[in-house]
Amino acid sequence: NSETIIKSDYNISKAGKYLYRANDYYNKKSYEKAVKFYKKAAELGNPVAQYCLGGCYYYGLGVPKSYSDAVAWYRKSADQGNEWAQLQLARCYERGEGVTKSLAEAKKWYAKSADQGNEWAKEQLDSLVMIENYLLKFGVK
């Protein structure tokens with residue numbers, strides 16, 4: 001219905017304004033203020049803000065470092081198709097940061113990112129497959 005569409009457009013516009021402010025604070029290295037606005041935009045469903053907020057948690061910028069919180073925000077963004085969030089989520093699975101280590105999950109998320117043209121994800125996926133094939137050749141699982 002039109003009321004839902006108008007509300008959705010308003011949230012997108014509002015999220016964009018929050019994201020703009022967050023990026024401005026981030027560039028000024030005012031990370032706590034950046035996190036405040038990334039969170040507002042992320043909670044409105046903005047995938048870029050979700051990815052950026054995940055990065056703040058991953059690196060401990062403006063918030064205590066937390067891989068599990070980073071993964072939660074990366075996943076929200078990745079589920080909306082953000083190729084960079086998919087790449088970061090794959091790295092977390094590959095390294096076991098904030099999640100149980102899973103090369104199968106890492107490959108899945110690298111592939112999603114690579115399918116969108118992300119060259120770094122493609123390189124990482126190719127490397128994982130090459131290592132996996134090498135280990136299988138010698139009977140290592």
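Brief remarks follow.
- Conditions (1) part of a helix (DSSP H, G or I); (2) open to solvent by less than 30 Å² (accessible area, probe 1.4 Å); (3) under 28 Å from Phe37 (Cβ atoms): number failed by Ala72: (2)
- For Ser30, the test of being in contact with a Phe, Trp or Tyr (Cβ under 6 Å, 6 or more places away or on another chain), modelled with pLDDT of 95 or more and either exposed (fewer than 13 other Cβ atoms within 10 Å of the Cβ) or hydroxyl-bearing (Ser, Thr, Tyr) (or both) is failed.
- Beta carbons closer than 6 Å, at least 6 apart along the sequence or on distinct chains, pair a first residue in segment 37-59 that is under 11 Å from Trp84 (Cβ atoms) and in a helix (DSSP H, G or I) with a second that is open to solvent by 30 Å² or more (accessible area, probe 1.4 Å) and not β-branched (Val, Ile, Thr) for Pro47/Gln80; Gln50/Trp73; Gln50/Lys76; Tyr51/Trp84; Gly54/Trp73.
- Members of segment 44-96 that are touching an Asp or Glu at 6+ places or on another chain (Cβ under 7 Å) and over 23 Å from Arg21 (Cα atoms): Tyr67, Tyr93
- Single residue of segment 78-87 satisfying the filter (part of a helix (DSSP H, G or I) and open to solvent by 20 Å² or more (accessible area, probe 1.4 Å)) that is nearest to Cys52 (Cα to Cα): Trp84
- Criterion violated by Pro64 - all others in (1) over 28 Å from Asp24 (Cα atoms); (2) open to solvent by 40 Å² or more (accessible area, probe 1.4 Å); (3) not in a helix (DSSP H, G or I) satisfied: (1)
- Against the numbered list (1) touching a residue at least 12 places away in the same chain (Cβ under 8 Å); (2) farther than 26 Å from Ala42 by Cα, Ile131 comes up short only at (1).
- Pick from segment 112-127, criterion surrounded by fewer than 18 Cβ atoms within 10 Å (Cβ to Cβ) and in contact (Cβ under 8 Å) with a residue 12 or more places away in the chain, ranking: nearest to Ser66 (Cα to Cα): Trp120
- Of everything listed in (1) free of Cβ contacts under 8 Å to residues at least 24 places away in the same chain; (2) of a type outside the set (Lys, Arg); (3) over 30 Å from Ser13 (Cβ atoms); (4) surrounded by fewer than 18 Cβ atoms within 10 Å (Cβ to Cβ), the single unmet condition for Leu103 is (1).
Conditions (1) among the charged types (D, E, K, R); (2) not in a loop (DSSP other than H, G, I, E, B), marked per residue:
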{"site": "Arg91", "(1), (2)": "yes, yes"}
{"site": "Val99", "(1), (2)": "no, no"}
{"site": "Ala106", "(1), (2)": "no, yes"}
{"site": "Tyr110", "(1), (2)": "no, yes"}
{"site": "Gly117", "(1), (2)": "no, no"}
{"site": "Trp120", "(1), (2)": "no, yes"}
{"site": "Asp126", "(1), (2)": "yes, yes"}
{"site": "Met130", "(1), (2)": "no, yes"}
{"site": "Leu136", "(1), (2)": "no, yes"}
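- Every residue from segment 113-125 that is of a type outside the set (Lys, Arg) and over 18 Å from Ser102 (Cβ atoms): Asp115, Gln116, Gly117, Asn118, Glu119, Trp120, Glu123
The values are calculated or read from the model by the stated rules, or taken from the named source; none is laboratory data. This structure is a prediction, so every number in the text was calculated from the model and none was measured. Neighbour counts run over all protein chains shown; Cβ positions are idealised from the backbone, glycine included. Accessible surface is based on the protein model in full, side chains and every heavy atom, while ligands, DNA and RNA are left aside. Shrake-Rupley method; radii C 1.70, N 1.55, O 1.52, S 1.80 Å.
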